[in-house]
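Working notes, beginning with the structure itself.
The values are calculated or read from the model by the stated rules, or taken from the named source; none is laboratory data. Just so it is clear, the structure is predicted and the values come from calculations on it, not from any experiment. Note: ideal-geometry Cβ built from the backbone for every residue, glycine included; neighbour counts use all protein chains shown.
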């Protein structure tokens, strides 16, 4: 099934999840820059990403508290969307030239509502989709999420140039408000009776359920390392293209932003289609191998040097393979979750999976300084294989989780 009510709901929720991200990131930095706010203050805006990193800390609350309308998952999503609408409208009426500190606190609240919406959407996606829909569900989610990021970054900057920042943020708030309609109409998840008697027990039972899995240490290591090679390859990508090879901002914008956008979406959709026919183990293995070899294309680009067509092809290959592996990996993470604790468990597992993006930047810098760009991409290729070896040892576990889901 390529489309049904459940998958359509995931499409709209993916858009709602992706929209706020840039509004407290690159777009807000652009607004501050246009208002001539000092560089130190603009630099501190990077701290607004903390709620996305730490969201696993309060995710179990969304497993424990059942809101009295529309069910646990939809109720939390709508509540967070309402919070986003109100805070974005409030932000639109502020001036960074005079109220930079206040805007920072409001933006932090927006980031909190956004991260909490992500928790609820991830849990809803995991609970509502059947096992054979999870690959396509991941593809729909990635597609809508990327469209939303494009709207709240690229389109928002164009709107701000013509109509000003206040109206731009009001329009973004209006889009979130409109996104509440498909959320309200989305099918409800199956409501399970809570097992834990209180919030602390919910946390303990959620962790106990995860840690009692067979080969749990190897399982967690696989989750951490599966995207490590990809994270290393992408960690210094803009610097590599601009300074390493000498491409212009326009060339990087055309190739890196637009080519990567379409390649990731295409890869995710093809990955989702293949997951209808393939086992999750086969998809993780083959897509993981493809992801590893795609990193070598950047090593070739580093050797050849500045050549626009080769750069575009290389970026397409890497992002296409990354889209394939992302569809399989998200479907795998969903299969691991117990429906009683979906919000907490998925948030924790996705936090483990994001460790590479957080910590590999400094390591990549040292590799480039001591060896060069070619060595970086060879290292990223080699770093992709430990997880695939772990996956081979986990084959029966991976297949059993998929069957249970």
Considering residues that are outside any helix (DSSP H, G or I) and under 18 Å from residue 8 (Cβ atoms), the number found within the range 113-171 is 2
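Just to be sure I understand, how many residues within the range 303-316 are assigned to a helix (DSSP H, G or I) and surrounded by fewer than 19 Cβ atoms within 10 Å (Cβ to Cβ)?
Filtering the range 303-316 down to residues assigned to a helix (DSSP H, G or I) leaves 303-304, 308-316.
Subsequent filtering for residues that are surrounded by fewer than 19 Cβ atoms within 10 Å (Cβ to Cβ) retains 303-304, 308-310, 312-313.
Qualifying residue count for the region: 7.
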Quick one: would you say residue 203 is farther than 18 Å from residue 381 by Cβ, under 19 Å from the mean Cα position of the chain (by Cα) and surrounded by 15 or more Cβ atoms within 10 Å (Cβ to Cβ)? no
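Working only within the range 391-401, note down all residues that are part of a helix (DSSP H, G or I), within 16 Å of residue 336 (Cα to Cα) and touching a helix residue (DSSP H, G or I) at 6+ places or on another chain (Cβ under 7 Å).
Just the residues of the range 391-401 that are part of a helix (DSSP H, G or I), to begin with: 391-393, 395-401.
From what is left, the residues that are within 16 Å of residue 336 (Cα to Cα) are 391, 395-401.
391, 395, 397, 398, 399, 401, listed by residue number.
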What tally of residues in the range 128-174 results from selecting those that are buried (at least 23 other Cβ atoms within 10 Å of the Cβ) and either out of contact with any helix residue (DSSP H, G or I) (no Cβ under 8 Å at 6 or more places or on another chain) or not assigned by TED's automatic domain parsing to the domain that holds residue 94 (or both)? 0
What are the residues in the range 119-138 that are modelled with pLDDT under 90 and over 23 Å from residue 344 (Cβ atoms), if any? 132, 135
Residues in the range 340-361: is at least one surrounded by fewer than 19 Cβ atoms within 10 Å (Cβ to Cβ), out of contact with any strand residue (DSSP E or B) (no Cβ under 7 Å at 6 or more places or on another chain) and either assigned by TED's automatic domain parsing to the domain that holds residue 125 or without any contact (Cβ under 8 Å) to a residue 40 or more places away in the chain (or both)? yes
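Residues checked against (1) assigned to a helix (DSSP H, G or I); (2) surrounded by fewer than 16 Cβ atoms within 10 Å (Cβ to Cβ); (3) in the same structural domain as residue 92 (by TED's automatic domain parsing):
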position: 180; (1), (2), (3): yes, no, yes
position: 183; (1), (2), (3): yes, no, yes
position: 214; (1), (2), (3): no, yes, no
position: 217; (1), (2), (3): yes, yes, no
position: 223; (1), (2), (3): yes, no, no
position: 233; (1), (2), (3): yes, no, no
position: 240; (1), (2), (3): yes, no, no
Number of positions in the range 302-355 that are under 20 Å from residue 253 (Cα atoms) and within 13 Å of the chain's Cα centre (by Cα): 2
Just need a number here: residues in the range 338-390 that are closer than 13 Å to residue 224 by Cβ, in contact with a helix residue (DSSP H, G or I) (Cβ under 6 Å, 6 or more places away or on another chain) and part of a helix (DSSP H, G or I). 12
If I ask for residues that are within 20 Å of residue 144 (Cβ to Cβ) and either out of contact with any helix residue (DSSP H, G or I) (no Cβ under 6 Å at 6 or more places or on another chain) or without any contact (Cβ under 8 Å) to a residue 60 or more places away in the chain (or both), which ones from the range 176-205 would you list? 178, 181, 184, 185
